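Below is one structure; the comments refer to it alone.
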Amino acid sequence: MADPWEELQSEAVAIVAAAAEQGVTLRVVGSVGIRLHCAAPGPLMDRLGRGAKDIDFIVPQRHRKGMRRMLEGRGYVIDRDLLIAMEGSRYSFAHRENGTEIDVFVEKLDFCHTIEVAGRLAGHPVTIPIEELLLQKLQIVQMTTTDLLDASVLLATHDVVAPEDSGIAGNDAAAAEPCVEGEVVEAGHIARLLARDWGFHHTASRNLGRIRQHVVSGGVADVGHAENARAQRGASRLQAAIDREPKTLAWRMRDKVGERKQWWQDVDDREATY
Amino acid sequence: MAESLASEAVAPGVFSRKSSGLVRVGSTLDVFIFNVGLVSVGIAIAYNQYYGPSLYPGAQPWLSTLLAAAGMIFVAAAFYCWSVVFPRSGGVYVFLSRTINPGVAFVMSLIETIILLYYAALAAGLIVQVGLASFFGAVGTVAKNSTLVSWGTSVAKPAGVFWIGTLIIVMAGTLLISGTRRYFTVQRVLFVVAVAGLAVIAVVMLVGSRSGFSANLTSLTGLHYNQVISTAEKHGYAPAGTSFGESWKFIIWPLLPLLGAVQSVGIGGEVKKVRRSQLLGMLGAVVATGVVIALFALLSNKDFGYTFQGAVSYNALSGVPGGTTATAPWFAVLAGLLGHNVFLSVVILATFAAWIWFWIPAEMAYTTRSMIAWSFDRVAPNRLGFVSETVHTPVVAIGISTGGAVVFMWLIAFKAVTFLTFIEVLLVVWGAVMVAAVLFPFTRKAMYDASPARNFKLAGIPIMPAAGAIATVFFAVMFWLLWKDPIAAGPLIHPSKMPVEAWITLGALIVGTAWYIGAKRYRRRQGIDISLAFQQIPIE
């Protein structure tokens, strides 16, 4: 029996390539995106028993029509319920023969917090940049175990570099091979985004704390001794960079209110609208 | 349900969501505004103060409003239970099709759709008659500008009502086509404007006095306060002291707007945190609007005087010359005179126009959801759920809603359809939903037991069937009051002269039944068993 991850990954890559041929920009996000972004996370995720689900893409607003044509041409059937409910901000498809499910988000990842990706699609040929892949996990208020694993794997396989760093000091270069040569998580980019949004900052900080708490030997997200240490250091370095970043006036005003007011937007289970 | 790390004393493994979650469009505030807008405080105050003291002497609109709101609490409770059992868009069609009978549900929903489109058109007409005509009339009077006053009378004529009303309906359709998110945003902005305007009016009325109003009336219109009353009396108006009996009879007037407080059942699938949103949205709307409308009735009595309101409206309704204002003396006109200030008059009338506007896109939005639900169940053509790739909204359903409302606009403007008779039909449709709420725990026990509604109890009594039973009785009494009241509605079925509403309802009944039977057969020939759709149990 074929490996479900391999099937999803090869289908995702084929779709991105087919889209590009038709002038449509598509990038893979989510767990398939993490595996496709570079080689290192895959084996770790396999070792942790991280299961395959579906393929998530992101598409620029102007390419929605072309994306739909292309996917329908490949045998995917659009979810009419979501089509009406989301009014062009999100699409869902299922393959009429093999049942493969695809979610397509438009320009941004809009869940507990919003991640604008429109201007960052050129950063990688197949997926969104590593920072957005990590943010996609850090924006979740109620992290599941798989979310925690995904975030931990990213930090265990990538160095985190703050703006003032001249190199990758502080990371354990022996723990895992860097994904793309020289690729690092740019803490400055994440810190700048979070310095404008108190709610996102608060959720991401809590999640980085969870990672530090659970990426330990015998913990929920034990990714291996050396990798645990690297993820721990990465999370700490990222948190330090986030804390150092000067905050906007709106951030500071919202900080005074704190947790007294809900700081995330509600994300419901995906049930039918009609 | 996704497992969170709050209960994470678990071994590493796959504890994931079934799929990426969904950020629904409607917040609790949006639901509240949707319902409050559908009550339309503006329409309620206008009707109460115009028709209450004049046609039901002794009826106190504040009391009638509170009585109607008390009954509506049970209706809201029953609808709330339905909305958490079936958190879907499509309104009564969803509830009835999954619990009673799909054919009955479709026919009821079709009739409901027609009625709601009628009321969308009625609101557009009211914007012209109560809003625009009053606006020109009051501002013209206060500014002593005869051109504006003449515009006030011109726009209220049938052609003016039809064309301007149609333009307003098309604007509402265009807003819906631009997307639900934008619609909710516009609604929020207008809500702030409408509430702020209402606060200004309340302040004006609180600091105002009857002597001040009387003086302004004379200086601005040439009418004398006591003369207006005596003229009305000479022409048959009989003032009376407060009467509970008349207030009870008048209850059907404030009921019409208050029925809107539960219509978020139509957008249930688009609402975040459905339990909280629908609870605060429905019950909050009934209570908040009931109190506000009653409060303005009391303020009107304080500043304008109960008898004067009855007399000036009576004179207008009876066409008594020299006994009323140049434009019909709706509440907004009287409040404008009280303010005696052009700017205040503009604020007052813009506020009323904003309140009335809420009805139009909201009623149309409800009907589009019903149509899409029919389409998804394959009872109606797939085309009804067609989504434009340019604007990304269901343009066919919205287009049909807009067209239907324009047809009613024509009927209202040129055929003067009696507007409360349709409420009798709506009470039958919604009454069926209330009866279904009583039966649901028994006829669909497994479904009820698996739903959150099972746990809704008050002093050990299950709320859904209890509220459904009380609401059924309430609707039955309201139906009887409407049937017996020739001023508001009168009998829907009249052997000597069947009203237009009766023919429309009968037509919808026959066409709807034939359509459903035809659709079922047609789909069967396509190899599709549409009854399977009704077995889906969308329980939270």
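Using Stokes-Einstein with the Kirkwood hydrodynamic radius over Cα pairs, what translational diffusion coefficient do you get for the stretch A:4-260 at 37 °C and a viscosity of 0.692 mPa s, in µm²/s rounded to a whole number? Don't jump to the answer; show the numbers that get you there.
Numbers: Rh = 18.9 Å.
Calculated translational D: 174 µm²/s.
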(message) Just want the answer: with Cβ charges of +1 for Lys and Arg and -1 for Asp and Glu, which residue in B:488, A:143, B:299 is farthest toward the dipole's positive end in the protein assembly as shown?
(response) B:488
(request) Give, rounded to the nearest 20 debye, the magnitude of the charge dipole that the stretch A:4-260 has about its Cα centre when Lys and Arg contribute +1 at Cβ and Asp and Glu contribute -1 at Cβ. (result) 840 debye
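Looking only at Cα atoms, what is the convex hull volume of the stretch B:169-301 per residue, in Å³?
Cα convex hull per residue, to the nearest whole number: 186 Å³.
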(request) Let me have the 222 nm mean residue ellipticity of chain A computed from DSSP H runs of 4+ only, each contributing -39500 (n - 2.57), with the sum over all residues rounded to the nearest 500. (result) -14000 deg cm²/dmol
(request) Quick one: P(r) of chain B from all Cα-Cα pairs, 20 Å bins, percents rounded to integers, in order of increasing distance. (result) 22, 54, 21, 3, 0
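Using only helices, what value at 222 nm comes out for chain B when you add -39,500 (n - 2.57) per DSSP H run of length 4 or more and divide by the total residues, to the nearest 500 deg cm²/dmol?
Working: 22 runs with 374 residues, N = 540.
So the calculated ellipticity at 222 nm is -23000 deg cm²/dmol.
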(message) Highest mean first, how do A:10-21, B:491-502, A:195-206, A:252-263 rank when packing is the count of other Cβ atoms within 10 Å averaged over residues?
(response) A:195-206, A:10-21, B:491-502, A:252-263
(request) Set the Förster radius R0 to 41 Å, insert the Cβ-Cβ distance between residue B:215 and residue B:287 as r into 1/(1 + (r/R0)^6), and round the FRET efficiency to 0.05. (result) 0.65
(request) Shielding by partners for A:262-272, please: the mean number of other protein chain Cβ atoms within 10 Å of each residue's Cβ. (result) 6
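Count the DSSP beta bridges whose two residues both fall in the stretch A:4-260, then state the antiparallel fraction as a percent rounded to the nearest 5. Could you put the intermediate results ahead of the total?
Values: 14 of 23 bridges.
Looking only at bridges with both residues in the stretch A:4-260, the antiparallel portion is about 60 percent.
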(request) Return the average number of partner chain Cβ atoms within 10 angstrom of each residue Cβ along peptide B:371-379. (result) 2
(request) Calculate the length of the line joining the C-alpha centroid of the stretch B:267-339 to that of the stretch A:54-69, in whole Å. (result) 49 Å
(request) May I ask for the Kirkwood hydrodynamic radius of the stretch B:372-430, worked out over all distinct Cα pairs and given in angstroms to one decimal? (result) 13.6 Å
(request) Report the local net charge at residue B:63: Lys and Arg +1, Asp and Glu -1, summed over other residues whose C-beta lies under 12 Å from its C-beta. (result) 0
(request) Report the one residue of A:19, A:202, A:71 whose Cα lies farthest in the direction of the positive end of the charge dipole of the stretch A:4-260 (charges on C-beta: Lys and Arg +1, Asp and Glu -1; origin at the Cα centre). (result) A:202
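Select from chain B the helices, each a whole stretch of DSSP H, whose alpha-carbon atoms run 24 Å or more along the helix axis and whose Kyte-Doolittle mean is at least -0.5; answer none if there are none. Don't skip to the answer; put the middle values down first.
On the way: long enough: B:61-85 (35 Å, 1.68); B:102-126 (35 Å, 1.78); B:158-177 (28 Å, 2.05); B:180-207 (40 Å, 1.72); B:274-304 (43 Å, 1.16); B:342-376 (52 Å, 1.29); B:395-415 (29 Å, 1.88); B:421-443 (33 Å, 2.13); B:463-484 (31 Å, 1.72); B:500-525 (37 Å, 0.17).
TM-like helix candidates: B:61-85, B:102-126, B:158-177, B:180-207, B:274-304, B:342-376, B:395-415, B:421-443, B:463-484, B:500-525.
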(request) Run down the lysines and flag those whose C-alpha is under 27 Å from the C-alpha of residue A:53, throwing out any fewer than 8 positions away in its chain. (result) A:65, A:108, A:137, B:18, B:272, B:273
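Looking only at the stretch A:1-130, where both bridge partners belong to it, what percent of the DSSP beta bridges are antiparallel (to the nearest 5)?
Taking every DSSP beta bridge with both residues in the stretch A:1-130, the antiparallel ones total about 70 percent.
Using the count of nearby Cβ atoms within 10 Å as a rough guide to exposure, how do A:32, B:193, B:347 rank from fewest to most? Don't jump to the answer; show the numbers that get you there.
Working: A:32 24, B:193 15, B:347 21.
Going from least to most buried by this count: B:193, B:347, A:32.
Going by the alpha-carbon gyration tensor, a ≥ b ≥ c the square roots of its eigenvalues, is the protein assembly as shown rounded (a/c under 1.5) or, if a/c is not under 1.5, prolate (a/b greater than b/c) versus oblate?
On the way: a/c = 2.41, a/b = 1.87, b/c = 1.29.
Prolate shape, in that a/c is at least 1.5 and a/b is the bigger ratio.
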(request) Sort the stretch B:380-533 into rounded, prolate or oblate with this rule: let a ≥ b ≥ c be the square roots of the eigenvalues of the Cα gyration tensor; rounded if a/c is under 1.5, and if a/c is not under 1.5, prolate when a/b is larger than b/c, oblate otherwise. (result) oblate
(message) In the stretch A:4-260, if the dipole is taken from +1 on Lys/Arg beta carbons and -1 on Asp/Glu beta carbons about the Cα centre, which of A:85, A:226, A:102 is farthest to the positive end?
(response) A:85
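For the protein assembly as shown, give me the percentage of DSSP beta bridges that are antiparallel, rounded to the nearest 5 percent.
65 percent
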(message) For a quick check: with amide H placed at 1.01 Å from N, whose amide H comes under 5 Å from residue A:108's, ignoring anything fewer than 5 positions away on the same chain?
(response) A:117
(message) How would the stretch B:201-250 be classified by its alpha-carbon gyration tensor: rounded, prolate or oblate, with rounded meaning a/c under 1.5 and the a/b versus b/c comparison settling the rest?
(response) oblate
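Per-residue Cβ counts within 10 Å, from other chains only, averaged over A:218-228: what number is that?
Details: counts 2, 2, 8, 3, 2, 1, 0, 0, 0, 0, 0.
Per residue, the number of nearby Cβ atoms from other chains is 2 on average.
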(request) Assuming R0 = 41 Å, can you tell me the calculated FRET efficiency for the pair residue A:22 and residue B:525, based on Cβ-Cβ distance, to the nearest 0.05? (result) 0.65
(request) Return the distance in nm (one decimal) between the two label points of a simple spin-label model at residue B:493 and residue B:147, each offset 7 Å from Cα along Cα→Cβ. (result) 5.6 nm
(message) Give me the extension gain from residue B:473 to residue B:242: residue separation times 0.36 nm, minus the current Cα-Cα distance, reported in nm with one decimal.
(response) 80.5 nm
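Where a number appears in this text, it was derived from the coordinates with a stated rule and is not lab data. Note that the structure is predicted; figures quoted are calculated from it, not measured. Using ideal geometry, Cβ is built from the backbone for each residue, glycine included, and neighbour counts are taken over all protein chains shown.
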